[in-house]
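The values are calculated or read from the model by the stated rules, or taken from the named source; none is laboratory data. Just so we're clear, the structure is a prediction, and the values are computed from it rather than from any experiment. Please note: Cβ atoms are built from the backbone with ideal geometry, for glycine as well, and neighbour counts cover all protein chains shown. Keep in mind that these areas ignore ligands, DNA and RNA; they rest on the heavy atoms of the full protein, side chains included. Shrake-Rupley method; radii C 1.70, N 1.55, O 1.52, S 1.80 Å.
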Amino acid sequence: MSRTIEILPDLVANQIAAGEVVERPASVVKELLENALDAQPTRIEITIQRGGKRRILVVDDGIGMGREDALISLDRHATSKIRVADDLSSVATFGFRGEALPSISAVSLMTLETRVETEEVGTRIRIKSGTIIAVDTVPRQCGTTVEIANLFFNAPARSKFLKVTAAETRAVSEVVNVLALAEPSVGFTLTADERELLELPPVENLNDRIAAIWGEEDAGTLVPLASESGAIRVQGLVQRPDAASSGPRRAYSFVNGRPFRSRNLRSAVDRGYRTTIPGHARPWFFLFLEVPPNTVDMNVHPTKAEVSFRNGGAVETLIEEAVRDCLASEASSASLDSEPSSAPRFVRDSVPSIPREVPAQVSQTALFLTRDVTKEGVADEPRVSGETKPTPVVEEQPRLWQLLHTYVLAETREGLIVIDQHSAHERILFERLITAFEVGGQTGQRLLFPITLRLSKAEILEAEALKGILNAVGFEIESFGGNTLIAHAVPDPHPYFDPERCIHDMMEELVQGSDLTRSAKNQHERIAMSFACKGSIKAGQRLNEQEMQELFDQLFATKLPYHDVHGRPTIVRLSKGELERKFGR
């Protein structure tokens, strides 16, 4: 009987392996950059032609290789990072599987040039279709140069799937961006068809690297995040809610220093932003996770682009809560400052973790001016949203002014804050009602003369369907036939509340839908959002001193005092430094 199973020749086996690791020029650049970063360089230069299809050149000034190591590195499964299988769970470098160089050389013309410090001369190796065709001695500096020419020249079927030069160039640029974010202390340059696309000098922090890639203005919208739970730690930068837009999203995740993709992680970030941004907004984030090496599997994807966590739920919960805590801080509020450099800087391992048991509002206690710092104390603690929280430390109540019957101004140690009275009250009412729902709702004020309202048929049906939840808000309503609705009791959120207008506006929004209500996670939150918006103090309403003070105190007792439920800021900061710049002091 004839044999039907054959052992594949090395060339064919390497080309199959290349199909897993080398999908396009960007895949080649990624593998070569990871190897270069493992060599402890200070600078890496990347040059491509025709999107990398014709030529890829990666030059690093790292430790290099001796001749013997250079030759062995071209064999499949050759690696300096692993000795036994258990090492897979604790690899602390980028590349480790020993597939990259042989896989790439199998589908290209490769030249590898390298020198280690202990040798006087370097080694040049030329490879064609995975076969070494020349080994020479060359003078050169320490480091490694890898040149790839005519990628997929011997695999035309694969070459046909490559995209146009511009698309392949963008993919290469993105690869460089990702690894440049992972290693800000390393300088990178990217040149495409003799045009310099990136010039990224070594920097000390992530903000400066982001600014070099996307500009100072965008980098200035980012605030540091740090938290930990058990052996899991997350650090990074997230975007202020007021700066989040529906445009291109910069979303980057790293675990133990390596980049990876995760839909679940993105979802966790988005959950952290809930009720602080519009539904269409896509805030930027740059997150660095640190987990015990044996709790994450980096080898679940041929290109190590995806990972598997032993306890993914704990990781997602930590990220969601870390984002939430960050958005409760003053740094996440909108600013009138014109200098992006005034934004907090993030350097990995330098940001203290936020203890999980300490409310984020504690950081507010040093915000406002005192007349004598020799006298310290905490003002009375108003009970809002069902819990007691401290208001800012003041010897006297902060000086408050109303501007244009819409904004409340307060002096702080760092300058000035401007509070939007409608947005601020919206946040207060939303959190108060959400907390009330947890204990069965809040009681409305019974009316001596019930309110009769004329609504559309659809609005009447909606009111009937939501009658139980509306009753928990404080609205006691009943249908009176036709298009008529009767309200026997209504909530009393403030002295200027117009219950008839509120019911009309709420029913119209709940029937027609809006970006606000569509972003709610359930009916209770949907109703709370709508009531907070329609029932809060309006712009243009004159407030007396006591009302401004109550608004101020209640806002800073909420969980997220700097953002309303639409995703607009409740507060805008103007720093002392910005004032001094404007006045030339």
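Observations
- Taking all Cα-Cα distances within the range 117-242, those exceeding 26 Å account for 50%.
- Sequence ranges 249-256, 439-446, ranked by mean other-Cβ count within 10 angstrom, highest first: 249-256, 439-446
- Heavy-atom SASA rank of Lys582, Lys534, Lys457 (probe 1.4 Å, accessible area, largest first): Lys582, Lys457, Lys534
- Hz values of 3J(HN,Hα) by residue in the range 494-509 - Karplus curve (6.51, -1.76, 1.60), Gly and Pro given as x: 6, x, 9, 5, 10, x, 5, 5, 4, 5, 4, 5, 5, 5, 5, 5
- Every pair of different Cα atoms in the range 407-531 enters the Kirkwood calculation, which places the hydrodynamic radius at 15.6 Å.
- Semi-axes of the equivalent ellipsoid for the range 193-304, Cα gyration tensor, largest first, Å: 23, 21, 15
- For Lys163, the aspartates and glutamates whose Cα falls under 16 Å of its own Cα, not counting residues fewer than eight places away in the same chain, are Glu23, Glu174.
- In this structure, the amide hydrogen of Ile44, modeled 1.01 Å from its nitrogen in the peptide plane, lies closer than 5 angstrom to those of Gly187, Phe188, Thr189, counting only residues at least 5 positions away or on a different chain.
- Using θ = phi - 60° in the Karplus curve 6.51 cos²θ - 1.76 cosθ + 1.60, the 3J(HN,Hα) couplings for the range 423-438 round to 4, 4, 5, 4, 4, 4, 5, 4, 5, 5, 6, 4, 5, 5, 4, 5 Hz; x is entered for Gly and Pro.
- Cut-off under 5 Å, modelled amide H: who pairs with Ile477 long-range: His488
- Nonlocal Lys pairs with alpha-carbon distance under 25 Å, the range 464-585 (8 or more apart, or different chains): 6
- Karplus (6.51, -1.76, 1.60) ³J(HN,Hα), θ = phi - 60°, over the range 137-143, in Hz, Gly and Pro reported as x: 9, 9, x, 5, 6, 4, x
- Per-residue packing, averaged as other Cβ atoms within 10 Å, sorts the ranges 410-417, 564-571 into the order 564-571, 410-417, beginning with the highest.
- Sparsely packed GluC sites (Glu not before Pro) within the range 173-256, loop by DSSP, other Cβ within 10 Å at most 12: Glu194, Glu204
- Percent of Cα-Cα distances greater than 12 Å, calculated over the range 503-544: 60 percent
- Other residues with beta-carbon under 11 Å from the beta-carbon of Ser519 carry, at +1 per Lys or Arg and -1 per Asp or Glu, a net charge of +1.
- Volume of the convex hull of the range 108-188 (Cα atoms only), normalised per residue: 125 Å³.
- Only protein atoms count toward the accessible area here, which uses a 1.4 Å probe; on the range 464-513, the carbon and sulfur part of that area reaches 45 percent.
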